[in-house]
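Asker: Below is the structure I would like to discuss, written out as structure tokens.
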Amino acid sequence: QVQLVESGGGLVQAGGSLRLSCEASGRTLSTYAMGWFRQAPGKEREFVARISRSGSITYYADSVKGRFTSSRDNAKNMVYLQMNSLKPEDTAVYYCGADSGYTYTPHAQDMEYWGKGTLVTVSS
């Protein structure tokens, strides 16, 4: 089992940047592929990014491609989401999730473990 804690959210103006962190405890983080998802008020949780166990393969939602970058430091049990050129429509609670599977999936229901999320608010 792994416990996940997100941090780094906050209020930022449009065009600004934030870096989210996801710290894992329990099992070694390298056991899992990691995903970032977000959920805006009244909307379903949606896929943002996924990073492979080694960090060598990443996937991004079209809405964030070119603006967001996911990385990981398995030695520190940390995963990161660098968010640049933020837009008001990026406002949401951001969650990291852990997946022990080996097949790429953008579906929230395929994540086995979740953090409690961190709120990102982008003002116009």
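Asker: Looking only at segment 1-10, how many residues end up being part of a strand (DSSP E or B) and either aliphatic (A, V, I, L, M) or within 15 Å of residue 96 (Cα to Cα) (or both)?
Answerer: Residues meeting the conditions: 6.
Asker: Scanning segment 96-116 for residues that are among the charged types (D, E, K, R) and assigned to a loop (DSSP other than H, G, I, E, B), which turns out surrounded by the fewest Cβ atoms within 10 Å (Cβ to Cβ)?
Answerer: Only one residue fits best here, namely 116.
Asker: Considering each residue of segment 11-29, count those that are in a strand (DSSP E or B), surrounded by 13 or more Cβ atoms within 10 Å (Cβ to Cβ) and in contact (Cβ under 8 Å) with a residue 40 or more places away in the chain, and give that number.
Answerer: Adding up the residues that qualify gives 8.
Asker: Then there is this: Just to confirm my filter: which strands (runs of 3 or more DSSP E) fall fully inside segment 30-95 and include at least 2 residues that are under 15 Å from residue 107 (Cα atoms)?
Answerer: 33-39, 46-51, 58-60
Asker: Which of the residues belonging to segment 77-95 are open to solvent by 20 Å² or more (accessible area, probe 1.4 Å) and under 19 Å from residue 17 (Cβ atoms)?
Answerer: Of everything in segment 77-95, those that are open to solvent by 20 Å² or more (accessible area, probe 1.4 Å) and under 19 Å from residue 17 (Cβ atoms) turn out to be 78, 80, 82, 84, 85, 87, 88, 89, 91, 93.
The values are calculated or read from the model by the stated rules, or taken from the named source; none is laboratory data. Because the structure is a prediction, the values reported are computed rather than measured. As a convention, Cβ positions derive from the backbone with ideal geometry for all residues, glycine included, and neighbour counts pool all protein chains shown. Surface areas here come from the heavy atoms of the whole protein model, side chains and all, with no ligands, DNA or RNA. Shrake-Rupley method; radii C 1.70, N 1.55, O 1.52, S 1.80 Å.
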